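Below: the structure, in structure tokens.
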Amino acid sequence: MESYEALIKKQREFFSTGRTKEVAFRMDTLKMLRNLIKSHEKEIMAALHTDLNKSEFESYTTEIGFVLEELRYTLKHIENWAKPRKVKTSLTGFGSKNYIYPEPYGVVLIISPWNYPFQLAFAPLIGAIAAGNCAILKPSELTPTTSEFLTKLIRENFQEDYIAIVEGGVETSSALLNEKTDYIFFTGSVAVGKVIMEAASKHLTPVTLELGGKSPCIVHKDANLQYAAKRIAWGKFTNAGQTCVAPDYLYVHHEVKDEFLKLLKEAIQDLYGNALGEESQFTKIVSDRHFQRLKTFIYNSGTIYHGGESDAEKLLIAPTVLTNITWEDPIMEDEIFGPILPVMEYEDILKIIDEMNQHPKPLALYIFSEVERVQNKVLESISFGGGCVNDTVYHFTSPHLPFGGVGESGIGAYHGKGSFNVFSHEKGIMKQTTRFDLPFRYPNTKHGLKWIKMIMK
Ligand code: NAD
């Protein structure tokens with residue numbers, strides 16, 4: 001197994017020079033990254049097309065455009081974020097001034113998955129740079145063209161002792177995890193998340209784990225069905241359902257089920273009607289193993305309501321809707337991560353809230369309803385990472401909303417200032433006055449305890 005000890009040592013040496021802490025240096029790096037992305041847009045799109053058959057539209061909206069927005073937002077605010085922040089002085093600290101100093105951890109490791117191979121590598125990298133760290137990136141081996149391109153881009157433009165990239169699979173990840181780094185940011189599956197946390201515990205390295213799971217989507221009887229159908233079709237079938245926050249399964253109220261399914265079918269036709277055609281712009285399944293795994297669901301779970309066709313050579317599966325689903329069906333065991341949407345119907349929303357609470361806390365949840373009482377009941381009764389009322393996936397796009405899981409769907413959150421915070425330690429500092437010295441804390445002060453009890457109660 002290869003050793004990354006020397007690389008990490010080099011980064012530690014560079015970190016100790018203090019350069020990465022200079023805000024001007026961080027900003028120059030972020031601007032350079034922005035220029036590189038802009039000037040290589042076509043190559044990034046081509047790589048994403050080769051690996052996943054992503055269309056230019058999806059590549060831009062869900063990967064490149066998203067990263068450029070994060071860069072723009074970070075560059076606008078970084079000077080403020082990086083400054084020490086003054087906070088209130090408590091009564092016991094009378095006379096002192098109190099501050100929070102954000103400081104970088106040092107050398108951070110970012111391990112990313114294949115489903116948005118550009119965005120999920122570069123969005124955390126922005127946070128790492130903004131906070132003043134050195135970084136090592138380990139992209140996914142399942143999207144080799146994109147990983148190779150990212151490697152070329154980084155190696156040609158950054159010194160290895162500041163920003164490094166290492167290609168490889170499980171072995172490479174394990175070798176990197178053997179070494180002590182100062183922070184680990186992992187995006188991937190729940191199973192591997194556990195491996196990462198175990199490895200991190202050996203060095204007491206803090207982690208952010210951006211994981212997945214089964215994210216529910218509820219369509220209540222009072223929902224705007226037309227919008228619900230279109231927004232669900234988009235959120236589920238963008239990237240062929242290989243999105244961590246895609247609605248994994250649907251609960252539809254039985255009174256509106258038939259009408260909703262009809263509208264959903266129309267929306268799918270409208271948005272992704274040519275998924276298996278000659279000039280298909282539909283994202284493909286990343287590997288044959290995943291293709292076979294997904295295909296079996298089509299035949300062993302429920303009834304095909306729409307779709308079901310596939311093309312093994314091109315690894316394409318048409319957007320598929322399955323009805324007559326129960327929790328006993330194989331498709332309901334784990335995260336689907338593909339263009340297959342199982343639909344269950346319900347009568348009593350309280351019952352399905354109970355059902356969802358029997359399962360691990362999801363990364364996302366979506367509720368379609370026009371009634372605030374219903375929306376609030378769902379939001380208050382179920383714990384989940386984040387989500388939308390009357391939409392799907394879109395919460396991901398706001399730099400003002402923390403993005404992350406809870407329970408089995410992850411630990412920690414990022415995006416916008418959250419990305420800066422993830423990669424910063426907040427150092428609490430009290431600057432004490434030397435103009436006087438309040439006596440109460442000292443054990444020999446007369447009536448000291450009486451005074452202290454008046455302040456600390
Ligand atoms: P994965 O966990 O298989 O792999 C992720 C990364 O971990 C890859 O770089 C891989 O090389 C590495 N890895 C794999 N096995 C490892 C091991 N045993 N030890 C160390 N490293 C290992 O995930 P994936 O298949 O690439 O991505 C799909 C999963 O990621 C889904 O579960 C999805 O929900 C989740 N995901 C979550 C988010 C989020 O933001 N929360 C985003 C995208 C994907």
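Couple of notes before you dig in:
- Test set (1) within 14 Å of the ligand (Cβ to nearest atom); (2) over 26 Å from E408 (Cβ atoms); (3) among the aromatic types (F, W, Y) - Y162 fails condition number: (1)
- Test for Y99: is it among the hydroxyl-bearing types (S, T, Y), open to solvent by 40 Å² or more (accessible area, probe 1.4 Å) and either in contact with a helix residue (DSSP H, G or I) (Cβ under 6 Å, 6 or more places away or on another chain) or touching a residue at least 40 places away in the same chain (Cβ under 8 Å) (or both): yes
- Selection within segment 371-420 - within 26 Å of A131 (Cβ to Cβ) and away from the ligand (no atom under 16 Å from the Cβ): H400, K417, F420
- Residues (small (G, A, S) and open to solvent by 30 Å² or more (accessible area, probe 1.4 Å)) located in segment 399-430: G407, G412, A413, G428
- Considering K97, K76, K54, the condition of being assigned by TED's automatic domain parsing to the domain that holds R26 and either within 16 Å of the ligand (Cβ to nearest atom) or of a type in the set (A, V, I, L, M, F, W, C) (or both) is satisfied by K54 alone.
- Put simply, of L350, L365, L261, L315 the only residue that is of a type in the set (A, V, I, L, M), within 16 Å of the ligand (Cβ to nearest atom) and closer than 19 Å to K221 by Cβ is L365.
- Remark: pairs (first residue in segment 106-131, farther than 19 Å from Y162 by Cα and more than 10 Å from the ligand (Cβ to nearest atom); second residue polar (S, T, N, Q) and open to solvent by less than 10 Å² (accessible area, probe 1.4 Å); Cβ separation under 7 Å; 6+ apart in sequence or on different chains) = F118/T146.
- Residue check, V245 within 16 Å of the ligand (Cβ to nearest atom) and surrounded by 19 or more Cβ atoms within 10 Å (Cβ to Cβ): yes
- When segment 172-221 is filtered for residues that are open to solvent by less than 40 Å² (accessible area, probe 1.4 Å), assigned to a loop (DSSP other than H, G, I, E, B) and more than 14 Å from I111 (Cβ to Cβ), the ones remaining, listed by number, are D182, G212, G213, K214, S215, H220.
- For the criterion of being over 29 Å from V87 (Cβ atoms) and exposed (fewer than 13 other Cβ atoms within 10 Å of the Cβ), H447 passes.
- Pairs where the first residue, in segment 164-177, is over 23 Å from F14 (Cβ atoms) and the second is assigned to a helix (DSSP H, G or I) and near the ligand (Cβ under 7 Å from one of its atoms), C-beta under 6 Å, 6+ apart: none
- Segment 332-352 residues that are open to solvent by 50 Å² or more (accessible area, probe 1.4 Å), paired with ones that are small (G, A, S) and within 16 Å of the ligand (Cβ to nearest atom) (beta carbon under 6 Å, 6 or more apart): E335/G212; E335/G213
- Matching residues, segment 24-79, being in contact with a Gly (Cβ under 9 Å, 6 or more places away or on another chain) and open to solvent by 30 Å² or more (accessible area, probe 1.4 Å): F25, Y73, H77
The values are calculated or read from the model by the stated rules, or taken from the named source; none is laboratory data. This one's a predicted model, so the numbers in the text were calculated from it and none came from an experiment. FYI the Cβ positions are ideal-geometry reconstructions off the backbone, even for glycines, and counts take in every protein chain you see. Side chains included, ligands, DNA and RNA excluded: accessible areas come from the protein's heavy atoms. Shrake-Rupley method; radii C 1.70, N 1.55, O 1.52, S 1.80 Å.
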